[in-house]
Each structure stands twice: as structure tokens, then as C-alpha cells.
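Some notes on the structure that comes next.
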Amino acid sequence: MALSTGSNKINTAIFISGTGSNLKSLIKFSKLKKSPIIIKMIISNNPQAKGLQYSKLCKIKKKIFDFKNILSEKKVIDELKKNNIDLICLAGFMKILSKRFIKSFKGKILNIHPSLLPKYKGLNTHEKAIKNKDKYSGCTVHFVNSKLDSGKIINQKKVRIYKFDTPKSLAKRILIQEHKLYPAAIMKMLNL
Ligand code: GAR
């Protein structure tokens, strides 16, 4: 990993599309003395994303881009470079980034996914795990490469699936683990 912490914290941008509970947990983590990151920006493709509230609450700059084409993505890249962003954490970000974007931040983009990858890439992971009568599902933090949900895995957490689980109840239990897994993945990635 090319990132170096030195005495300075790593300038980080969090990308969200919705509720932002992972964003909230990463903000909390970033405020710890031992945290290697400082969250400089929140980026969203969705102006209605609930998680954008943390911009005002926590005084973090927010920017909205539609990510609809190369031109829009180019604006995101320029904004990130302007703010010296060295780490991007996708946290419930529901757009697929272009190869070009990923290349511009090679090895510096992480994603959290609500399944035990390589199982259940893409959407509706909880439905799939329950339908297949899996005993366990969970969550994964991985590097982002040009193939969807396929980059090198940093860490995972297993979560038991019970007979009474619905996609909603399972999602809720997995989300609680996600909030611990993402900070742990950042520490692990940096050998801290
Ligand atoms: C989380 O469960 C995250 O793993 C998932 O969306 C949820 C966002 O919740 N991400 C994906 O499905 C990405 N493919 P949050 O907005 O409360 O952090």
C-alpha cells in the first residue's frame, strides 16, 4: 500500500448514496487519536442522501455530482485532487466507478460490501443468502478494482443467519458489524 501516515493523517473522502451509517462510524473513528485518517469530504451522487446531514453536523465539506458520464467524473477527480485526497472510502455508494476513475486513485479506493465476498457480488445480497439457505453471511472490506466487488479483500466478518431472518433483519445485524469492520480494515491496510 503506497499510503504513508507519517505524522500527518491521511486525507480521506467518503462516498455515500443513502443513510450514511457507515459514514457516521468512520467519522467517529477518525476522531480517535489513534486514527490514521482525517475525513476531508463527503461526496454523493444523491442530493437526498440522508447521510449528507453529517456534513453540517460534523463540519465536513460535502459535494454532489451525478456521476452520469465521464465529464461529471472528471469534475469529481479534479475536486479530489484539489483537496489532496489520498484515500477514498465507498460507504453505501451505489454507483459503479469507471475504469479511468479507479486508475486515477489506484490502490487508494476501499469499499464495504454486505456479503462474504466472493459470494453475492452486486445487489440484494441478503435476499440471495437467505434464499440459498446459507448458514452465514456477513460483510467484506476490499480494495476497488475495475471488476465489480472483486478487488483484494482486506477483512471480513461472518454473521449467523437464523431461520427467522428476513433480508431486513439480517441487513440490520450485518450493518452493526460493518461499523466495526471498516475502521478495522483501514488499520489493517496500513499495518497499524
Ligand atoms: C451498507 O450495508 C453497505 O454495505 C451497502 O449499503 C449499505 C449502506 O448503509 N453497500 C452496498 O451494497 C454497496 N454495493 P449506510 O448508508 O447506512 O452506510
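The values are calculated or read from the model by the stated rules, or taken from the named source; none is laboratory data. On a predicted model such as this, the values are computed, not experimentally measured, just so you know. When we count neighbours, we look across all protein chains shown, and the Cβ atoms used for this are built from the backbone with ideal geometry, even at glycine. Heads up: the accessible areas ignore ligands, DNA and RNA and are worked out on the full protein's heavy atoms, side chains in. Shrake-Rupley method; radii C 1.70, N 1.55, O 1.52, S 1.80 Å.
Here are the numbers:
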read-out: Positive minus negative residues near LYS158 (Lys, Arg vs Asp, Glu; Cβ under 12 Å); value: +4
read-out: Relative compactness, the chain, computed as alpha-carbon Rg over 2.2 N^0.38 Å; value: 1.00
read-out: For peptides 65-71, 52-58, sequence by mean Cβ density within 10 Å, most packed first; value: 52-58, 65-71
read-out: Mean separation of Cα contacts under 8 Å, 6 or more apart, over the residue count of the chain: relative contact order %; value: 20 percent
read-out: 0 to 90° range, to nearest 10: angle between helix 167-189 axis and the chain longest Cα axis; value: 40 degrees
read-out: Alpha-carbon centroids, the range 106-172 and the range 2-69: separation in whole Å; value: 22 Å
read-out: Heavy-atom accessible area per residue - the range 101-192, 1.4 Å, Å²; value: 57 Å²
read-out: Test item: Cα-centred dipole of the range 79-186, Lys/Arg +1 and Asp/Glu -1 on Cβ, debye; value: 240 debye
read-out: Rounded FRET efficiency, nearest 0.05, which uses the C-beta distance separating LYS99 from ARG160 and R0 of 45 Å; value: 0.75
read-out: Point-charge dipole on Cβ atoms (K/R +1, D/E -1) for the chain, about Cα centre, debye to 20; value: 240 debye
read-out: The chain: angle of helix 70-82 to the longest principal axis, Cα-based, in degrees nearest 10; value: 60 degrees
read-out: Modelled FRET efficiency - R0 25 Å, ALA184 with LYS106, Cβ distances, 0.05 increments; value: 0.60
read-out: Whole-percent carbon and sulfur share, accessible surface of the chain, 1.4 Å; value: 55 percent
